[in-house]
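The values are calculated or read from the model by the stated rules, or taken from the named source; none is laboratory data. Treat the numbers as computed from the prediction; the structure is a model and nothing was measured. Backbone-built Cβ (ideal geometry, glycine too); neighbour counts: all protein chains shown.
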Amino acid sequence: MLRSDDVMADELHILFLEDDADDIASVQKALKTPPQTPDIKCVANMDEFSKALKTSRWDIILCDVNIPGLLVEDVLHKLKELDVLTPTIVVAKPIGEEVVAQLLYAGVSNYVNKLNPENLLAVIHQTLLDREEKKLAAQKEKIFISDGRMEVAKTLAGGLAHDLNNLMVGVVTGVELLRQHLPEDGEPKYLLDLIYQSGMKATDVSGQMLAYVQGGKYRVEDMDVNDLLMGFMASEEFPVSSSVDVQLDLLQNIPFVNGDPAQICKLLSGIILNAFEAMMGGGVLKISTRNRFIERGELLSKIELKSGSYVEICIEDDGIGMDDVVRMRLFEPFYTTKFQGRGLGMAAAHGIIQNHQGEILVESEVGQGSVFRVLLPVAKEQDSPSAIQRRRVFESYTGTEHILLIDDDPTVLKVMQTLIRQWGYKVSVATSGALALQLLEGNHYDLAILDLNLPDYSGHKLFLKLREPLPTLPILMVSGLPANTEAEALLDTGACKFLRKPFVPNELGGILRQLLG
């Protein structure tokens, strides 16, 4: 449910398409009700409307239907042309249910009678909440479809592995039988050895397929959970919601754990997605890491973990929470409180953590949110050559320079800002090209990280603007797309590097130190 304090906390940026001064005053009065102070920009024609869309980002668009020479359909067409997904609400005098239905079918989000605008603010808040719920539903559907495909792939892989193993029995056993009838030296024996080696390799492949089907750790390595979290948050799998504030508190130089990064990411994905779903009206998601030592005999979650050092990943939300019945049955296969879904997510997460000799601890109360603590045993060989090298590499990333980070994606900004700051750098962020140019006036920056796909500036145009006052400013280009002709042209012009999203933290840290010297 929508909570008024969640909505009131955010400043709304509203673009109002209206040409009547009295109607503008009436709507502004209805919207600017203390403590709400939205930012409202009024435009009266298509040229002003187009310019406003290109230069700023808006939370909501309000539009009249009686502007001379301008139809609502023209507004919707312009939004589609510019690839702007901002919800549109028609604010007009009574137009009849049939016309309202036609507008909703065309793509309008809602309608409000301008003669009675008192409920306009509530309609705006509900429209924005509906949009966030649709985003989360789409993400959930994507994961559901992906899981279904994975199940089909597992069934196919299991069948292929079974048949392949049966075939390899004949090959490997037949080779062993033939060896008994051949001399030790000679070409026939050599050829049989080659056949035998190929058969054993095929057996290894079928073993990997079965491991994939049956669960477990498939690619075990020493890993830094901070790097793992940063990489996961920068990926497309991480849920995105403008109403959820993600806060990170990661312990630097945390010990390595031993496990399968893909499986741990799957575990974290299930917990974090549940947290987002528990905060449909918005909230705060806190993710932290720390060291924890388990004493001998200490009972946790009805099991006794081995005494020793563990890394704890804490995921805390302030959502709807769980009662004791739900909390106790949380890890049961097929148990779910949702109308749709198979209820296997948390059961799978629990299976993964048990295969890693760890545990998931859950604290929750109805209306008080939930806390999930994932415990993973510390890897035994912290001083192995590879671990020492990774520590040295991490330490070599540190610096104190001032970096300007330019990106319009709030999640990318949050992750990259946290990552770069933990290396000791000072970071300023800009969510648009216009804001980046404002920050550049009167401030000194040692390096800029520029996303090439901003809504108000092309990468090439903003690059040239940044270089006007600072011709030698190092600029690192980033994009979710491969390097195109624009990126190649900028590299020829003087841009320092191109980095494709998503990237691992080590890759970014190394490039920063390389560019800063």
Considering only residues that are of a type outside the set (Val, Ile, Thr) and assigned to a strand (DSSP E or B), look in the range 16-56 and name the one that is nearest to the chain's Cα centre (by Cα).
39
Is the range 296-307 home to any residue that is among the polar types (S, T, N, Q), in contact with a helix residue (DSSP H, G or I) (Cβ under 6 Å, 6 or more places away or on another chain) and in a loop (DSSP other than H, G, I, E, B)?
no
Can you tell me how many residues within the range 37-57 are closer than 19 Å to residue 114 by Cβ and surrounded by 16 or more Cβ atoms within 10 Å (Cβ to Cβ)?
6
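Residues checked against (1) among the small types (Gly, Ala, Ser); (2) modelled with pLDDT of 95 or more; (3) out of contact with any Gly (no Cβ under 9 Å at 6 or more places or on another chain):
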| site | (1), (2), (3) |
| --- | --- |
| 278 | yes, no, no |
| 290 | no, no, yes |
| 293 | no, no, no |
| 298 | no, no, yes |
| 301 | yes, no, yes |
| 307 | yes, no, no |
| 310 | no, no, no |
Residue 124 part of a helix (DSSP H, G or I), without any contact (Cβ under 8 Å) to a residue 60 or more places away in the chain and touching a strand residue (DSSP E or B) at 6+ places or on another chain (Cβ under 8 Å)
no
Single residue of the range 93-125 satisfying the filter (under 38 Å from the mean Cα position of the chain (by Cα) and of a type in the set (Gly, Ala, Ser)) that is farthest from residue 75 (Cα to Cα):
122
All conditions in (1) crowded, with 17+ Cβ neighbours inside 10 Å; (2) modelled with pLDDT of 75 or more are true of residue 140 except (2)
Condition met for residue 284 (surrounded by fewer than 18 Cβ atoms within 10 Å (Cβ to Cβ) and not in a strand (DSSP E or B))
no
Which pairs turn up if I take residues in the range 74-94 that are part of a loop (DSSP other than H, G, I, E, B) and look for partners that are surrounded by 13 or more Cβ atoms within 10 Å (Cβ to Cβ) and among the hydroxyl-bearing types (Ser, Thr, Tyr) with beta carbon separation below 9 Å, at least 6 apart in sequence or on another chain?
82/50; 87/109; 87/127
Kindly check whether there is at least one residue in the range 13-25 that is more than 23 Å from residue 408 (Cβ to Cβ), out of contact with any Phe, Trp or Tyr (no Cβ under 9 Å at 6 or more places or on another chain) and small (Gly, Ala, Ser).
yes
How about the range 238-261: which of its residues are of a type in the set (D, E, K, R) and within 18 Å of residue 280 (Cα to Cα)?
245
Search the range 259-270 for residues that are of a type in the set (D, E, K, R) and pair each with any residue that is in a helix (DSSP H, G or I) when their beta-carbon atoms are under 8 Å apart and the residues are at least 6 apart or on different chains.
266/348; 266/349; 266/352
Only one residue in 434, 430 is free of Cβ contacts under 8 Å to residues at least 40 places away in the same chain and under 29 Å from residue 239 (Cβ atoms). Which one?
430
Within the range 220-243, the residues that are among the β-branched types (Val, Ile, Thr) and either crowded, with 19+ Cβ neighbours inside 10 Å or touching a Leu at 6+ places or on another chain (Cβ under 7 Å) (or both) are 225
Matching residues, the range 447-479, being under 23 Å from the mean Cα position of the chain (by Cα) and among the aliphatic types (A, V, I, L, M):
448, 449, 450, 452, 454, 476, 477, 478
